[in-house]
Amino acid sequence: MKRIAALSALALLGAALTANAPPAGATDISLESRTYMPVRGTKGADTHALLYEYLNFSAEDLALPGLYLRASGWGRTDLADETYGKKTNGDLQYAYLGWRAPLLNAEARVGRISLTAGVARHEVFDGALLGTDLPYGFDATVFGGVPTETDVGGRSSDTLYGGRLSQGQAGLYRLGASYLKEKNDGEVSREEVGADVFVAPVPLVSVTGSSLYNSIAKQWARHDYRLSVGPFVQALRIAATWSSTDYRYYFQSPVHPAFIPEDPDADEKLQKIGGELSVDVGMGFTLAGQYTSYTYDVAGAANAFSADLGWAGSGFTAGGGYRKVHGDEAENQYQEFRAHASAPVGPLGVSLSGQYLKFAEAIDGEDTALTAALDLSYPASPALEFSASVEYGKNPEYSREVKGLLTVLWRYDASMKNGGTK
Amino acid sequence: MTRSAMTALAAALLLGTLGFLAACAGPKSTALAHPERIEGLPICTSCHDAASAATNHDAQWMRSHGAIAVRDRRTCETCHKGSSCADCHAGRQEEIKPSDKRPSRFDASTPHRGDYLTQHRADGRLDPASCFPCHGRKNTGRCATCHK
């Protein structure tokens, strides 16, 4: 309750600052409202009609140069049968007050913060963040607070803190080291040290990647690296990827039971090696291909191949793709076919898409799944857009499934006047 | 001196050192916002030199952008608002699939398009690490319907 009160106070402070802000022209304010109404009916089951409202707000240079307030959240209510075990639901995704110094990108944020930096991946916490550029190409970020993710069992005595220090030269290289520690109910549930790298030794060649070390188990948990070459003539780009994941040390303290190994002594490791190619073949056509080899210590091996062809021109798009997964385990093998097309029809944007899945091993007696979707959108103005989608499905879960979605998008975005964000 | 006091002292020293270095440094920071508004998926090298190739939003971008994002907390904010990231990288309990929020964005390879309820059984076994960042410690409301 204290944290909700603190966040509410933060929002009120922002509102007060907005009210006292200098005249328009100094403060950039943007507000976006998205209303979704999905409806789903399945043969012989419940009918779900939900109303979602997503709100995003930002005010830049609020009262003082460099001071800003940003917030985003959503709420939902059921209009028919109960969904996901709750008649209503909602989430404050982020809401923070920040200040950016005139030099060095030095920055401070306080409130509910969403952060990706080094081993911190999409971390959401109620707390504070400090960051700045430093001499000789250094950059530092420190953060701390109460995580939102482990609220199962309460958030009392939950903490999360860490930081990242990096050094580099724009366009040439950047090397980072990061640390994160998280406590749940006062007990250390997660402690990670990470290294991340970007190196572009010669033009059009770059290596990016990261390694994660589980400090509790004192073992490497994951390495993930990518070598990219290009784009060359015809926008040809090639990439090679490698990742190694040790399940025992990577999936530490999961909330989701699917990640808890059935046999904790089975030390499963996955080595993933892949290659990707994409090329602009001209006349609006783009071709992309991907191959991945999966090698497991326990489960055997698998490989996946995919190819996609796309086309775009004068508001029209079309494309299709194929993916095949093959391997030692029949339950993992499937083929996927995809196709889509979109076109302007009068004032409407119309798009059609379809997906067909063929599984090597039947699931609940069915070895195929089919989905077809139609989407219509109508931009009433640059700030207001309506869209409607309908999707038909036949799959192992449902012999017939029909879903509909109505969307209203409205935005007021004064910050667009100088380029800015989207 | 207790351990917590030493930790606080070390943190204060670190922050003080960083602050001192920041105060002494020259203004060589990168721009916080792109100076021009960009429509669609940008190919950075169409205006910038080859050093910008890694951030081209091409057919490989959906698989490569994660490694770029971890390098700097501001990388994505140069052009995107936080809500843009949150559309796919869901917070605690997202209920709408990214592909439902952007049904006509076929170019964005929005995850979980079509019958992913069935497809995720195979994909989750193939590489559960790809699911973990969004569904490992949070955003498990829908998962809990079946995974008790």
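Order these by the 10 Å Cβ neighbour count, fewest first: B:R102, A:R164, B:R113. Walk me through the numbers on the way to the answer.
Values: B:R102 17, A:R164 26, B:R113 23.
Neighbour counts put them in this order, fewest first: B:R102, B:R113, A:R164.
Size of the dipole of the protein assembly as shown about the Cα centre, Lys and Arg at +1 and Asp and Glu at -1 on the beta carbon, nothing else charged, in debye to 20?
1040
Quick one: net charge around A:I216, please, counting Lys, Arg +1 and Asp, Glu -1 for every other residue with C-beta under 10 Å from its C-beta. Working shown, then result.
Details: positive: A:K181, A:R190, A:K218; negative: A:E191, A:E192.
Within the 10 Å Cβ shell, the charges total +1.
Which whole-number percentage describes the relative contact order of the range A:284-337, with Cα contacts under 8 Å and a sequence gap of 6 or more? Provide the component values of the computation, followed by the final result.
Working: 107 pairs, mean separation 16.3, N = 54.
Rounded, it is 30 percent for the range A:284-337.
If each of A:T295 and A:L64 carries a label point 7 Å out from its Cα toward its Cβ, how far apart are those two points in nm?
Each label point is offset 7 Å from its Cα along the Cβ direction, giving 5.7 nm.
How big is the Kirkwood radius of the range B:90-148, worked out from every pair of different alpha carbons and given in Å to one decimal?
Numbers: mean 1/r = 0.0813 Å⁻¹.
For the range B:90-148, the Kirkwood estimate is 12.3 Å.
Rounded to the nearest 0.05, what FRET efficiency do A:D367 and A:A80 have when you use their Cβ-Cβ distance and R0 = 30 Å? If you can, show how the numbers build up before the last one.
On the way: r = 32 Å, r/R0 = 1.07.
Taking R0 as 30 Å, the efficiency between A:D367 and A:A80 is 0.40.
Short version: what are the Cα gyration tensor semi-axes of the range B:41-80, square root of 5 times each eigenvalue, largest first, in whole Å?
Details: eigenvalues 50, 29, 18 Å².
Over the Cα atoms of the range B:41-80, the semi-axes work out to 16, 12, 9 Å.
Pairwise over distinct Cα atoms, reciprocal of the mean inverse distance: report the Kirkwood radius of the protein assembly as shown in Å, one decimal place. Can you show the working numbers first?
On the way: mean 1/r = 0.0397 Å⁻¹.
Its Kirkwood hydrodynamic radius stands at 25.2 Å.
In debye, nearest 20: dipole of the range A:142-187 around its Cα centre with unit charges on the Cβ of K, R (+) and D, E (-)? Present the calculation step by step, with values, prior to reporting the outcome.
On the way: 5 positive and 6 negative charges, 74 e Å.
Approximately 360 debye in magnitude.
Taking the dipole about the Cα centre of the protein assembly as shown, with the C-beta of Lys and Arg at +1 and of Asp and Glu at -1, give me whichever of A:G176, B:L9, A:L406 is farthest to the positive side.
Toward the positive end, the furthest listed residue is B:L9.
Measuring from label point to label point, each 7 Å out along Cα→Cβ, what is the A:D328 to A:L374 span in nm?
Rounded to a tenth, the inter-label distance reads 4.8 nm.
Suppose every Lys and Arg Cβ carries +1 and every Asp and Glu Cβ carries -1, with no other charges. What dipole size does the range B:90-148 come out with about its Cα centre, to the nearest 20 debye? Please report the intermediate quantities before stating the final value.
Working: 12 positive and 7 negative charges, 43 e Å.
Result for the range B:90-148 is approximately 200 debye, rounded to the nearest 20.
To the nearest 0.05, how large is the calculated FRET efficiency for A:L406 and B:I38 if R₀ is 35 Å and r is the Cβ-Cβ distance? Intermediate results must be reported in sequence, preceding the final value.
Numbers: r = 29 Å, r/R0 = 0.83.
Calculated transfer efficiency: 0.75.
Loop-only check: which trypsin sites (Lys or Arg not before Pro) in the range A:197-239 are DSSP coil with at most 12 other Cβ within 10 angstrom?
Working: sites: A:K218, A:R222, A:R226, A:R237; in loops: A:K218.
Answer by residue number: A:K218.
Bear in mind that the values in this text are calculations on the coordinates, not laboratory data. Predicted model, so just to flag it, every value in this text is computed and none were measured. All Cβ positions, even for glycine, are placed from backbone atoms using ideal geometry, and neighbour counts span all protein chains on display.
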